[in-house]
Amino acid sequence: MRLAFLSVPLLLLSAPVAAQVQLATAPAADVQPVDPALLAKAQPIASVILPDGTMERMMGPMMQKMMAPMMDGMTKMPIREFLKVGGMDPERADSLGEGTMEEMMAIIDPSFRKRMDVIVNIMMPAMGRFMGRYEPDMREGMAEAFAYRYNAGELDQIAAFLKTPIGAKFGAGFMELATDPHYLGRMQKIMPDMLRAMPEILKSSEAELAKLPKPRSYNDLTKAERDRLTALIGADAGKAD
């Protein structure tokens with residue numbers, strides 16, 4: 001439970017960067033091949049927009065500077081709003097008190113703030129260093145996306161713009177806009193409303209989900225399926241049911 005309360009606000013606040021990581025790991029089943037000539041034009045553009053060290057800067061000093069004030073705002077929200085996001089019935093959650101996460105964690109975990117500081121100051125930079133190792137792949141994927149979306153003339157115009165002083169400044173800082181205090185400040189303001197809206201948003205899929213068969217339990221499986229499941233996880237699957 002404590003880890004859940006720790007992770008919810010952190011995940012919400014780091015959403016702009018996390019979204020890039022999620023997209024980077026999404027299946028590429030519908031990826032279309034691109035013209036090599038267009039790709040050659042697009043690669044220098046991607047190099048300007050995603051220069052070396054971008055991910056480490058975004059998830060290191062920039063995120064550290066912004067995370068503390070945003071965390072303060074999140075932890076002052078009533079804990080019942082987080083419980084709604086976690087699946088508690090909204091009416092039941094609304095019947096609870098208005099105690100905040102900050103007040104609750106002061107009792108349950110007096111080291112809560114220090115724990116969050118460790119995550120922000122150590123874990124986030126480490127994630128940035130990890131993602132930095134994959135920047136060449138990210139640049140290549142970005143170049144392929146440009147080559148797919150723009151024709152030769154358009155790519156030439158983009159490249160020409162990026163070679164101007166203002167274009168170079170725009171391109172080099174584009175990715176880092178996700179951690180700009182102006183942008184993150186707006187994101188911070190919508191977080192309480194988003195948390196309150198989540199139960200209703202989740203309800204929008206309930207009708208369709210109800211049409212699907214419920215997941216089977218271990219007892220519903222055939223012997224062959226049980227054997228296969230045990231082989232897949234390397235342990236007795238029945239004990240995990």
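Things worth noting here:
- Under the combined filter of DSSP loop state and at most 14 neighbouring Cβ atoms within 10 Å, region 74-163 retains these GluC sites (Glu not before Pro): 98.
- Sparsely packed trypsin sites (Lys or Arg not before Pro) within region 131-160, loop by DSSP, other Cβ within 10 Å at most 15: 133
- Low-density loop cleavage sites - chymotrypsin sites (Phe, Trp or Tyr not before Pro) in region 135-235, where at most 16 other Cβ are within 10 Å (DSSP): 174
- Backbone N within region 69-101 under 11 Å of label point (7 Å from residue 203 Cα along the Cβ vector): 90-91
- Pairs with C-alpha atoms separated by more than 18 Å, drawn from the list 41/169; 84/114; 84/214; 84/203, are 41/169; 84/114; 84/214.
- Difference of contour (0.36 nm per residue) and Cα-Cα distance, residue 220 to residue 137: 25.6 nm
Any read-out appearing in this document is the output of simple, stated calculations on the displayed coordinates, not a laboratory observation. Just so you know, these numbers come straight off a predicted model, no measurement behind them. When we count neighbours, we look across all protein chains shown, and the Cβ atoms used for this are built from the backbone with ideal geometry, even at glycine.
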